[in-house]
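Handing you a structure now.
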Amino acid sequence: MGDHEELTLPDLRRILREAAGVNEGTDLDGEILDLDFEDLGYDSLALLETGARIEREYGVRLEDDAITSARTPRALLTVVNLTFTDIDAA
Amino acid sequence: MTRIWVTGLGVTAPNGLGTDDYWAATLAGRSGLGRITRFDPARYPAQLAGEVPGFDARRHLPGRLIPQTDHMTRLALVAADWALAEAGLAGGGPYGEYEMGVVTAASSGGFEFGQRELQNLWSKGGRHVSAYQSFAWFYAVNTGQISIRNGMRGPSGVVVADQAGGLDALAQARRQIRRGARVIVSGGVDGSLCPWGWAAQLSTGALSTGDDPATAYLPFDRRAAGYVPGEGGAVLVLEDAESAARRDAPVRYGEVAGYGATFDPPPGSGREPGLRRAIEIALADAGTAAAGIDVVFADAAGLAGPDRAEAAALAAVFGPGGVPVTVPKTMTGRLYSGGAPLDVAAALLALRDGLIPPTVNVVPDPALGLDLVTGVPRPAPLKTALVLARGHGGFNSALVVRAAG
């Protein structure tokens, strides 16, 4: 690992909560890694806001497409953490 | 001509959260005006407002809606929920999604939300501005959020005309039903009790700088010196009467029977303001003579000139003291786009109960020749009510509601 820490699932849960709130009926603390963001109640604007918060907190720049094309928490974690790796490798 | 009924009400008012609380407080003469608590008003010339009491948005709305909504949008969403529940249309009822629309009035949009995000912009930079700022501040936001939450994709829109817009929205809702929609959720809920919104409101010079809630807003009184603003308003379910009868709608508050709107001549023209004509147009539209109006809910600017102009318009149409006039907004303050819908709600409740709600604190100026209902409710057989609203810049609107029967 370089200077950037890793974005973990608990981090993502917290940021989703702050950025976009949680619907009743969504158990954000459950097994959500491979669930569709849509099924979790998050639309593209919710993901944009989530991405902006990740950027601020971790001091990175993420492409809007990279964020909104991630369909699941696992995909989002992967794309964000790949960005960290790229920055640290550079 | 298609008739339109009001089949549901949702009220969020400074003197009561929910229709029952609001109406009980209003009949009891209980005011919701007080020193502003939503921010520190110490450094501003005006410090009083009507704040909606005891509203906890998280108790009423899903968590997903909280980060993306201004306070006034949350109030509007909850008022719409209540109105639709009362109408028996919480899940849409028998109607298709394109048969139901939303037309609300707005005067400022989500100022509190907008102020926070603008502060983020200039203090931290663009990447710190919420993605939800793209719509949360916007005039049309209440219409959009009510539409999305309730799956209403029929004709929708927003009307912006300050206080008059609250009646204009109901008129636009009626128009859309006459064009084929079955249900339009309408009315207005407003509020911008934050420093940014307050500065904008102060710029008119019409706000009361009094510090005693009992004397700060005294329309039609010799002591009148401006108005106290407030937040909140009312959401009304307007429904095609035939369709409502067919589904046996549980509540029929009354009929939206007539509407008129005019615009004032330019300042200094010396010509008569447009309010009298707006009243006459509304009466003609409702097919009623002046004698058919049982009570008037006045606009009540709370400033000598506009109060005189309103009293003169009423005297011209009804004769001096020719109709009971009341101003329940003396208990809520002026709510901008929410004010007139709240008055329409009060008018419908007055028709239901045969009680004219009182104007509080005011000692009527006898020179105005108004039969102002003050102090306590006045029992009266009520069939038809007239609601008036004027908007900053010259808007005049008048709406007639009639008991369902």
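The values are calculated or read from the model by the stated rules, or taken from the named source; none is laboratory data. As the structure is a computational prediction, the values presented were derived from the model and not from experiment. Please note: Cβ atoms are built from the backbone with ideal geometry, for glycine as well, and neighbour counts cover all protein chains shown. Accessible surface is based on the protein model in full, side chains and every heavy atom, while ligands, DNA and RNA are left aside. Shrake-Rupley method; radii C 1.70, N 1.55, O 1.52, S 1.80 Å.
Anything in the stretch B:111-137 that is more than 9 Å from chain A (Cβ to nearest Cβ), farther than 23 Å from B:G232 by Cβ and open to solvent by 60 Å² or more (accessible area, probe 1.4 Å)? List them, or say none.
Matches in the stretch B:111-137: B:L118, B:Q119, B:L121, B:W122, B:S123.
Of all residues in the stretch B:242-256, how many are open to solvent by less than 10 Å² (accessible area, probe 1.4 Å) and of a type outside the set (S, T, N, Q)?
Final tally of qualifying residues: 4.
Quick one: is A:D27 acidic (D, E) and away from chain B (no Cβ under 14 Å)?
No; evaluated as a whole, the condition is false for this residue.
A further question on this structure: In the list B:A42, B:A80, B:A76, which residue meets the criterion of being modelled with pLDDT of 95 or more, more than 18 Å from the chain's Cα centre (by Cα) and among the small types (G, A, S)?
B:A42
Follow-up question, since we're still on this one. Output the residues belonging to the stretch B:343-372 that are open to solvent by 20 Å² or more (accessible area, probe 1.4 Å) and part of a helix (DSSP H, G or I).
Correct list: B:R352, B:D353, B:P366, B:A367, B:L368.
Hey, among the residues in the stretch A:38-76 that are open to solvent by 20 Å² or more (accessible area, probe 1.4 Å), in contact (Cβ under 8 Å) with a residue 24 or more places away in the chain and more than 14 Å from chain B (Cβ to nearest Cβ), which one's farthest from B:P67 (Cα to Cα)?
So the residue we want is A:R74.
Give me the pairs, please: first residue somewhere in the stretch B:118-145 and outside the structural domain of B:Y336 (by TED's automatic domain parsing) and among the basic types (K, R), second residue anywhere and modelled with pLDDT under 95 and surrounded by 18 or more Cβ atoms within 10 Å (Cβ to Cβ), beta-carbon distance under 7 Å, and either six or more positions apart or on two chains.
B:R127/A:A52
Now, a different point. Select from the stretch B:258-279 the residues that are more than 28 Å from B:L218 (Cβ to Cβ), touching a strand residue (DSSP E or B) at 6+ places or on another chain (Cβ under 7 Å) and open to solvent by 10 Å² or more (accessible area, probe 1.4 Å) and list them in ascending order.
The answer is B:Y259, and nothing else.
Does B:A105 qualify as being under 24 Å from B:G391 (Cβ atoms), crowded, with 22+ Cβ neighbours inside 10 Å and within 12 Å of chain A (Cβ to nearest Cβ)?
no
Among the listed residues B:A106, B:A25, identify the single one that is within 15 Å of the chain's Cα centre (by Cα), at pLDDT 95 or above and hydrophobic (A, V, I, L, M, F, W, C).
Going through B:A106, B:A25 in turn, just one is within 15 Å of the chain's Cα centre (by Cα), at pLDDT 95 or above and hydrophobic (A, V, I, L, M, F, W, C): B:A106.
Moving to a separate point now. Could you please find all residues in the stretch B:48-70 being more than 14 Å from chain A (Cβ to nearest Cβ) and either open to solvent by 30 Å² or more (accessible area, probe 1.4 Å) or within 19 Å of B:M331 (Cα to Cα) (or both)?
B:L48, B:A49, B:G50, B:E51, B:V52, B:P53, B:G54, B:F55, B:D56
So B:D212 passes all but one of these: (1) touching a residue at least 40 places away in the same chain (Cβ under 8 Å); (2) open to solvent by 10 Å² or more (accessible area, probe 1.4 Å); (3) among the acidic types (D, E). Which condition number does it fail?
Status for B:D212: all satisfied but (1).
Considering B:A85, B:A79, which residue is among the small types (G, A, S), within 29 Å of B:A286 (Cα to Cα) and either touching a Gly at 6+ places or on another chain (Cβ under 6 Å) or within 14 Å of chain A (Cβ to nearest Cβ) (or both)?
One residue alone meets the criteria, B:A79.
When only residues in the stretch B:31-58 that are of a type in the set (V, I, T) and in contact with a strand residue (DSSP E or B) (Cβ under 8 Å, 6 or more places away or on another chain) count, which is farthest from A:E24 (Cα to Cα)?
Checked the stretch B:31-58; the qualifying residue farthest from A:E24 (Cα to Cα) is B:I36.
Would you check which residues across the stretch B:279-323 are among the β-branched types (V, I, T) and closer than 22 Å to B:T374 by Cα and list them?
B:I293, B:V295, B:V296, B:V317, B:V323
Here are B:G144, B:G180: which of them is at pLDDT 95 or above and within 14 Å of another protein chain (Cβ to nearest Cβ)?
B:G144
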